[in-house]
Structure formats: structure tokens, C-alpha cells
Amino acid sequence: GYDLTGSVERTGKWEIGSGASTVVWEGAYRRTQGDTLVAIKIFREPRNEEERSAFARRLIRESDVWCQLSHNHIQPYLGWAFIGPTTTSIGLISPLCHEGTVDAYLSRNPHSDRQRLVRHVARGLDYLHRKNIIHGDLKT
């Protein structure tokens, strides 16, 4: 993936999502043609050397896999960046989903076509599974 360090900064005050080992923040990708709102998936800090080694392997694997994906129902991978005042927080960068989570979208749009949403998710998962990739942290 691409090193976007220095071009991406966290802009949100609160996390917009989280997983078992990651937290997602809103950010801005600063480019000459204008800023792009992005999601920054930051991995939780490893607590010891064993976790640090596993962390490095997972980060490299996820970055390598994600940058090879191209599907209408999977957010594209823009790159990675060191985030914050120290160089210990690494984030994987993708465009921000302006509608937020599926739950948030449905609460604002209660009459939305839910079957269509499920089909889109299923198509994205099918694409991943055909490439022998398990998502592992799918949320609404």
C-alpha cells in the first residue's frame, strides 16, 4: 500500500467504529486537488513483544490483501499512515462512508430497501470468499 503519512490527519473527536483490535476515526486526506474525508482504522497498541510481532504480521497481511481488492461493495484501500504526534499509531486509510453504519443509515431512512442492502453486503462477501478471504469483523 501507499504511505500517506503527513497527508492524513485525524479530525473527529470521537471514534466512529471499533473492532476487537482496531478503532476507526474520521480523518482528512489532504491533497493538492482538495481534502477527502476518510476513515482511519487504527490498530490498538501492542502490549508486549509477542503482540508487537503479531500486530506487524496482521497489519502487513491486511494491507497487502486490501490493496488488491476492487469491488463496488467494498471500500477501496487508499494506503496507510502513521497517525498522531508519535509514530506508534498506524492507520489503514479508506474513503469515509458518509452514511455511517448500516444501523445509522436505517435509523435515518426507515423505509429504505433492506433487501437491496443485504444483497450488496452479500455480493461483497461473495467476492471476498471467492478469493478465500474471510472478513472476520462484519458489523451493522
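Assorted remarks:
- Among the conditions (1) exposed (fewer than 15 other Cβ atoms within 10 Å of the Cβ); (2) within 17 Å of Ala20 (Cα to Cα); (3) at pLDDT 90 or above, Asn72 misses just one, which is (2).
- Residue under evaluation Arg31, criteria (1) surrounded by fewer than 13 Cβ atoms within 10 Å (Cβ to Cβ); (2) at pLDDT below 85, criterion not met: (2)
- One residue stands out in segment 75-120 among those that are among the small types (Gly, Ala, Ser) and over 16 Å from Ile40 (Cβ atoms): the one that is modelled with the lowest pLDDT, namely Ala104.
- Segment 85-130: number of residues that are more than 15 Å from Val38 (Cα to Cα) and not in a helix (DSSP H, G or I): 10
- Residue within segment 63-80 that is out of contact with any Asp or Glu (no Cβ under 6 Å at 6 or more places or on another chain), closer than 22 Å to Arg123 by Cβ and part of a helix (DSSP H, G or I) present: yes
The values are calculated or read from the model by the stated rules, or taken from the named source; none is laboratory data. Only a predicted model underlies this, so the values are computations on that prediction, with no experimental measurement involved. Neighbour counts are summed over all protein chains in view; Cβ atoms, including those assigned to glycine, are modelled from backbone coordinates with ideal geometry.
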